[in-house]
Every structure is written in C-alpha cells, then in structure tokens.
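Just so it is clear, none of the values below were taken in a lab; they were calculated from the coordinates. Source: prediction; values computed, not measured. Here the Cβ positions follow ideal geometry from the backbone for every residue, glycine too, while neighbour counts run over all protein chains shown.
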Amino acid sequence: MKKIGMIAVMFFVGLALNAQDNNNIDTYKVAFYSKDATGVFKEMTGKVISSEVVKSDSILGLQFDLNIKVASINTGNGVQNKHAKSSEWFNAEKYPTINFVSSSVYKTEKGIFAKGKLSIRGISKDVIIPIEIKTTDLKTIYKAQFSVNRMKYRLGPENKVSRNIKIIAGVSVKK
C-alpha cells in the first residue's frame, strides 16, 4: 500500500513540475523619464516563470526574475551616460545590475499586480508594480508603468533632479 501511495505522490509532483514553464525573455524595453532625464536600458536578462497551478482566484501562477545591466543605460548623451554610471548615481562598477524578483502576482478588481523586491545600488525595497498581460498566438507580453523614488535607493544628489522617475517596462516571452 505504501508503494502505491509513493507512486501516486511522485506522479502528482511530476505533473506539477511539468506544468511550470520557465521562459527566458524574448524581447524587452525599459525606458525611464522625468523632467530632468530620459533614456533606456539596452540590456536585460531574466525569466518569467508561469505555472498552470493557480493558488487561488486572486493569486496567479507567475513569477518574475528580471535583471537590467546598469552599464547599458543610454540617455542619448555620452557625458550624461558616463555620469549616470558613476558612483554618485548607479555606481555601475560596484552594482552592475538592477533586479526585480516577484514574490507573488495577484489580481484584484483594480488590475493585476506583481509584488516583490526591487534592488538598485545594493538596496532592496518591497514594491508593488501594476502590470498588464496580453497574449498572442506566439507570445505573452507583460507591461508595467510605475514610479521610483530615487532617494530611497540613494541615486544622485538630494536636490537638482526630480525625486520620482517614471518607468515604462515591457517584456515578452515566447509560448
């Protein structure tokens, strides 16, 4: 009887593992703007993990693990790019990536949200990011628009530049 029970457990664990898709990012765009600076990050890696096992009606089976290469910042101005990579701002040499790892993705009457840790300059903060999900025959597209208070991550001087930076990000994964 124990053997049958163990076989059944192994079967269901196998099904759960096979129901999970670990999708590398296919395409992406990360742009930022404020009244003082605009630009994009040109290099991003990561995964969107999709599980068909839904925990409840409101919690979706999704997880994001995204990494932006700080040195890929492009403001359209070489001097400004160099300054953004310096120790006063992103400190690209010491902190080469900006990371977002979600702990949950959930749905409310107000929309879909990804809750997780955003890490910039070695400082991690809990954030909740609103996301839109669009599906085509070939891919799933995830879009987000949110603001970051740069002072919470010790980015740049306290004055002279807008404290809040608007972020527009999108990633797609192939089906």
- request: Starting with the fewest neighbours, write out Lys139, Lys134 ranked by other beta-carbon atoms found within 10 Å of each beta-carbon.
  value: Lys134, Lys139
message: On a full-extension model of 0.36 nm per residue, what is the gain between Leu138 and Lys160, subtracting their alpha-carbon distance, rounded to one decimal in nm?
response: 3.4 nm
task: Would you mind getting me the FRET efficiency between Lys117 and Ala71? Use the beta-carbon distance for r and R0 = 25 Å, nearest 0.05.
output: 0.70
- prompt: Counting pairs of alpha carbon atoms under 8 Å apart in space and at least six apart in sequence, what relative contact order in percent does region 21-174 give?
  reply: 24
field: Taking Leu138, Leu66, Leu60 and counting other C-beta atoms within 10 Å, the order from fewest to most
entry: Leu138, Leu60, Leu66
query: Where does each of Glu109, Glu88, Glu43 land when they are ranked from fewest to most other beta-carbon atoms within 10 angstrom?
result: Glu109, Glu88, Glu43
Förster radius 22 Å - calculated FRET efficiency between Asp36 and Ser103, Cβ distance, rounded to 0.05: 0.10
